[in-house]
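See structure below.
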Amino acid sequence: MSFEPKILGFLCNWCSYAGADLAGVSRIQYPPNIRVIRVMCSGRVDPEFIFDGFEAGIDGIIVMGCHPGDCHYLEGNYEAEKKFNMVEKLLSFVDMNERIRLEWVSASEGNRFAEIVTEFTDKIKELGPSPVKDPSKANVLLKNINALKMSAVSYRLRALVGRERALTEQENIYGEKVSLERFNDVFENAIFDEYVRNRIVLSLKEDTKSVKDLAIELNMDPSKILSHILILKGRSQVSMDKIVGITPLYISTLEE
Ligand code: FES
């Protein structure tokens, strides 16, 4: 039996949704796999929505908005692009970054809408069902997707996404401007660090563990794990539960 992917589309009300509507009234054929959620602007698509979709077993997610310069809220689609880039980087840690797409479709581009949906559906068919549906992978993968979602909504990453244009395009009061290259370095490190930290928090929620246990589980250097633990302690996300022999065991303070 051929695989029919479930595709979720977030379409901005003013351009892409109208483009989809035009495709419909013009009877342009496209695969019926897409389920559309209308949002007022592509900038309204919170990264959390995308991770929620993948947790629910969606095979592919597409976000569509007005062409650059045409957003009805001026810069919503620029914000959408920044958030999308962050989500794409986060999803690359679980090898699911090819399952998302960002496209610009105007109200008069019914044909373009149909072409994009057709091409994206074919791409997802090629990739196969979401690995979340594979019982042998689901357990670990869902935990990792949860860690990605926690990272995406963290204050640090939200602040970096929200400040990127101001930091790289405008001078601060000292006349300094951060280069895009430098910003991207900082951002990429922050994305990876937050992901590791959230994996630590989720792991310690299941059981108390030592730095060494976590280093083995996450396949990382113990000194790196320790530095993350110290930061998480400073944020009150992790605390020391007990000492066994001379080994401290840590626990997550994360509530349900
Ligand atoms: S209104 Fe369409 S992307 Fe903002």
In region 220-243, what residues are β-branched (Val, Ile, Thr) and part of a helix (DSSP H, G or I)?
225, 229, 231
Complete set of residues in region 51-80 that are of a type in the set (Asp, Glu), at pLDDT below 95 and in contact with a strand residue (DSSP E or B) (Cβ under 9 Å, 6 or more places away or on another chain)
70
Test for residue 137: is it touching a residue at least 24 places away in the same chain (Cβ under 8 Å) and not in a loop (DSSP other than H, G, I, E, B):
no
Tell me the strands (runs of 3 or more DSSP E) entirely within region 1-99 that contain at least 3 residues that are charged (D, E, K, R) and away from the ligand (no atom under 16 Å from the Cβ).
none
I'd like to know if region 29-43 contains one or more residues that are touching a helix residue (DSSP H, G or I) at 6+ places or on another chain (Cβ under 6 Å), basic (Lys, Arg) and buried (at least 20 other Cβ atoms within 10 Å of the Cβ).
no
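Could you list, in sequence order, all residues of region 244-255 that are surrounded by 13 or more Cβ atoms within 10 Å (Cβ to Cβ) and part of a loop (DSSP other than H, G, I, E, B)?
253, 254
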Members of region 90-113 found to be over 20 Å from residue 70 (Cβ atoms) and surrounded by 16 or more Cβ atoms within 10 Å (Cβ to Cβ), listed by number:
90, 91, 93, 94, 96, 99, 100
Going through (1) surrounded by 14 or more Cβ atoms within 10 Å (Cβ to Cβ); (2) farther than 16 Å from residue 244 by Cβ; (3) out of contact with any Ser or Thr (no Cβ under 7 Å at 6 or more places or on another chain) one by one, residue 198 fails only at (3)
If I filter region 132-142 for residues that are in contact with a Lys or Arg (Cβ under 8 Å, 6 or more places away or on another chain), at negative phi and buried (at least 16 other Cβ atoms within 10 Å of the Cβ), do I get at least one hit?
no
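The values are calculated or read from the model by the stated rules, or taken from the named source; none is laboratory data. Nothing here was measured: the structure is a model prediction, and the numbers come from that model. As a convention, Cβ positions derive from the backbone with ideal geometry for all residues, glycine included, and neighbour counts pool all protein chains shown.
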